[in-house]
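What follows is a set of notes on a single structure, which appears directly below.
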Amino acid sequence: MPTDMPPTRTVPRPAEQTRAQQITERLRAAAGRNGALGALLLLGAAMALMSPVFLSTQNLLNIGVQAAVIAILALGQTFVIISAGIDLSVGSVAALTAIVTGLMVGSVGVPPLVAILFGLAAGLAAGLVSGILIAYGRLPAFIATLAMLSIARGLALVLSGGVPVAQPAAVAWFGSSLWGWLPVPVLVMVALGMLAAFILNRTYTGRAIYAIGGNEEAARLSGINVRRQQLIIYGLAGTFSAVAGLVLAGRLASGQPQAAFGYELDAIAAVVIGGASLAGGQGRAFGTLVGALVLAVIRNGLNLLNVSSFWQQVVIGAVIALAVLSDTLRKRRT
């Protein structure tokens, strides 16, 4: 005699649940790592729909050139932010580098390539001074680099007398194009992006940067010389800033003592948009490059749409706020 039986449900086995959870977590992690890239693609698609000029080869190359200086500064900033620090001096150091390079050729008379080395050394020295103040003087990174911002900008004004300084042809090359179409700033940006990724992923210093940012005391107890690594971190930031200064001077065809004013804020924004955490221990060079491109695409697209530069600042500020809010929410979920 047939009886009505309740329908049976298939209960997933623990192994199946674990596998499904692993897949979900991997997808969520991939989305978190590549959120900036997805935002960049969506922005590009939106701008392409609103302006037919956006996807032209010339405009895309212009976006790369516009992003280059901020991206290079942001790559140096990435080392600092991953280590749970901050560097407010990168824009001023970039300006100082261009002034030193131009004066070494024009006033001292050294060969251009030697002058470039002096400029890079000035950036490195500025970064090392900040690192010494932080590592050995125990100053907060915000205060130490704020002081260096003022010192570097002041030195740029004093050395130049407040007027632009002519640059040698070797520096002008940084702002030129190869074969008439391939911008050198974009090549420098990509090369330094690869170098930053190598340092972070393939060197002892890179592992130390993540460890210090995750927990400085635990990093110290595990045998990492935190002070020495902090010197290296801020030295790297200063050197990357120096390269950015050369690229900017090449684009401007002169060293401007007030150049790169406020660029440190855009650099920090690019790092955060790229997925780094201001609390430290998280970030990637690729994400930083994408973050710099996001800012460049927004500015370029708004220019093509004839949006006022005042409103552009409002939009950029909103994007930064959303990026930081996203980081905060992600940490709460974790």
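The values are calculated or read from the model by the stated rules, or taken from the named source; none is laboratory data. Note that the coordinates shown come from a computational prediction; the quantities given were computed from them, not determined experimentally. Positions of Cβ are backbone-derived with ideal geometry, glycine not excepted, and every protein chain shown enters the neighbour counts.
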### Query
Taking ALA122, is it more than 14 Å from LEU246 (Cα to Cα) and under 21 Å from the mean Cα position of the chain (by Cα)?
no
### Query
Residues in region 313-326: is at least one outside any loop (DSSP other than H, G, I, E, B), surrounded by fewer than 19 Cβ atoms within 10 Å (Cβ to Cβ), modelled with pLDDT of 90 or more and of a type outside the set (Lys, Arg)?
yes
### Task
State whether the residues of region 72-81 include one that is touching a residue at least 60 places away in the same chain (Cβ under 8 Å), surrounded by fewer than 23 Cβ atoms within 10 Å (Cβ to Cβ) and closer than 21 Å to LEU246 by Cα.
no
### Query
From the list ARG251, ARG227, which residue is more than 30 Å from ALA166 (Cα to Cα), in contact (Cβ under 8 Å) with a residue 24 or more places away in the chain and of a type in the set (Lys, Arg)?
ARG227
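If I go through region 265-285 residue by residue, how many of them are part of a helix (DSSP H, G or I) and either aliphatic (A, V, I, L, M) or more than 26 Å from SER176 (Cβ to Cβ) (or both)?
Counting residues in region 265-285 that are part of a helix (DSSP H, G or I) and either aliphatic (A, V, I, L, M) or more than 26 Å from SER176 (Cβ to Cβ) (or both) gives 9.
Which is of a type outside the set (D, E, K, R), in contact with a Gly (Cβ under 9 Å, 6 or more places away or on another chain) and surrounded by fewer than 15 Cβ atoms within 10 Å (Cβ to Cβ), of PHE174, PHE198?
PHE198
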### Message
For region 130-161, give me each residue that is more than 20 Å from ALA260 (Cα to Cα), β-branched (Val, Ile, Thr) and buried (at least 22 other Cβ atoms within 10 Å of the Cβ).
### Response
ILE134
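Restricted to region 254-278, and to residues that are out of contact with any Gly (no Cβ under 9 Å at 6 or more places or on another chain) and within 30 Å of VAL165 (Cα to Cα), which residue is surrounded by the fewest Cβ atoms within 10 Å (Cβ to Cβ)?
Residue satisfying both the conditions and the ranking: GLN256.
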## Note on the structure
Scanning region 255-275 residue by residue, those farther than 19 Å from MET189 by Cα, modelled with pLDDT of 90 or more and of a type outside the set (Phe, Trp, Tyr) turn out to be GLY255, GLN256, PRO257, GLN258
### Message
Looking at ALA285 and the list (1) closer than 17 Å to GLY127 by Cβ; (2) modelled with pLDDT of 95 or more, which single condition is not satisfied?
### Response
(1)
## Note on the structure
Restricted to region 91-130 and to residues being of a type in the set (Val, Ile, Thr) and in contact (Cβ under 8 Å) with a residue 40 or more places away in the chain, the residue nearest to ILE70 (Cα to Cα) is VAL93
### Task
Identify, from the list VAL226, VAL243, the residue that is farther than 24 Å from THR57 by Cβ, modelled with pLDDT of 95 or more, touching a Lys or Arg at 6+ places or on another chain (Cβ under 7 Å) and surrounded by 14 or more Cβ atoms within 10 Å (Cβ to Cβ).
VAL226
### Message
Residues that are touching a helix residue (DSSP H, G or I) at 6+ places or on another chain (Cβ under 6 Å) and of a type in the set (Gly, Ala, Ser): does region 108-119 have at least one?
### Response
yes
#### Entry: Criterion (modelled with pLDDT of 95 or more and in a helix (DSSP H, G or I)) met by exactly one of VAL93, VAL105
VAL93
